[in-house]
Amino acid sequence: MTVRDSVVHVGLLGAGAWAQGAHLPGYARDPRCKVVAIADPVREKAEAFAREFGIPHVYDSHEALLAHHGLDAVDVCTPSATHFALSWAALEAGKHVLCEKPVAYD
């Protein structure tokens, strides 16, 4: 991992309740992390979270977020049924991944 100035640059997939209530506030409290991009298929939700949490880049697809240069890690904050595919795509893109359970159902 390339960590600039000891800060992990995070891209967040999903603009739902867990992102808003737990993940984004957690990142905001930790000076070792900076959320630099967020993606959600409903772009307006991602834009609202970007305004609320000061996230500079907004995307409406995981592909666009994964193409963002400068991400160290991707946080998968989406419905459980999408965890495996999104985590795998992020790993294939060379990113570290945070994905809370379940990654897969079997």
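Miscellaneous remarks
- Tally of residues being surrounded by fewer than 16 Cβ atoms within 10 Å (Cβ to Cβ) and touching an Asp or Glu at 6+ places or on another chain (Cβ under 9 Å) across region 26-42: 2
- The number of residues in region 49-106 that are charged (D, E, K, R), outside any helix (DSSP H, G or I) and at pLDDT 95 or above comes to 4.
- Some residue of region 60-82 being surrounded by 14 or more Cβ atoms within 10 Å (Cβ to Cβ), more than 21 Å from V7 (Cβ to Cβ), in contact with a Ser or Thr (Cβ under 9 Å, 6 or more places away or on another chain) and not hydroxyl-bearing (S, T, Y): yes
- Meets criteria (farther than 16 Å from H83 by Cα and either among the hydrophobic types (A, V, I, L, M, F, W, C) or more than 13 Å from the chain's Cα centre (by Cα) (or both)) for H69: yes
The values are calculated or read from the model by the stated rules, or taken from the named source; none is laboratory data. Just so we're clear, the structure is a prediction, and the values are computed from it rather than from any experiment. Cβ sites come from the backbone with ideal geometry, for glycine too, and all protein chains shown count toward neighbours.
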